1. Can you give the longest run of the chain that contains no GluC sites (Glu not before Pro) sitting in a DSSP loop with at most 12 other Cβ atoms inside 10 Å?
2. Let me know the Rg and Dmax you get for the chain when you use only its Cα atoms, in Å.
3. Calculate the dipole size of the chain relative to its Cα centre from +1 charges on Lys and Arg beta carbons and -1 charges on Asp and Glu beta carbons; express the result in debye to the nearest 20.
4. For the chain, which chymotrypsin sites (Phe, Trp or Tyr not before Pro) are both in a DSSP coil and crowded by at most 16 other Cβ atoms within 10 Å?
5. Could you run the Karplus curve 6.51 cos²θ - 1.76 cosθ + 1.60 with θ = phi - 60° over the range 8-20 and give me ³J(HN,Hα) per residue in whole Hz, x for Gly and Pro?
6. Between Ala20, Ala6, Leu61, whose Cα lies farthest towards the positive end of the dipole of the chain when Lys and Arg beta carbons carry +1 and Asp and Glu beta carbons carry -1, centred on the Cα centre?
7. Against the longest principal axis of the chain, how steep is helix 28-55, in degrees 0 to 90 to the nearest 10, with axes from Cα atoms?
8. Hand me the trypsin sites (Lys or Arg not before Pro) from the range 1-40 located in a DSSP loop with no more than 13 other Cβ atoms within 10 Å, in residue order please.
Amino acid sequence: MAEIEANDYNLNISRYVSTAKAEEEVDLEATHEELVRIENEIRQAKAKHNSFLTELGLPTLP
């Protein structure tokens, strides 16, 4: 009751109950490892693609 009185008898729910959702924790180490893995896959795919382009006499990707 003291809290309600301190809030000038305002019964707005948001004054008393938080509706904010907790942020999901991000595992930075796992995320970093995944990004490194993906980057390696991209590098390998690009090298393979460039070898095909070279065989066809076309300019390669940078």
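All of the numbers you see were taken from the coordinates with simple rules; none came from a lab. As the structure is a computational prediction, the values presented were derived from the model and not from experiment. A quick note on method: Cβ atoms are made from the backbone with ideal geometry, for glycine too, and the neighbour counts reach across all protein chains shown.
1. 26-62
2. Expressed in Å, the Cα Rg and Dmax of the chain come to 28.3, 82.
3. Roughly 540 debye, rounded to the nearest 20.
4. Numbers: sites: Tyr9, Tyr16, Phe52; in loops: Tyr9, Tyr16.
The qualifying sites are Tyr9, Tyr16.
5. These are the phi-based 3J(HN,Hα) values: 6, 6, 7, 9, 4, 4, 5, 6, 10, 10, 7, 9, 6 Hz.
6. Leu61
7. Long axis of 28-55 versus the principal axis of the chain: about 30 degrees.
8. Lys21
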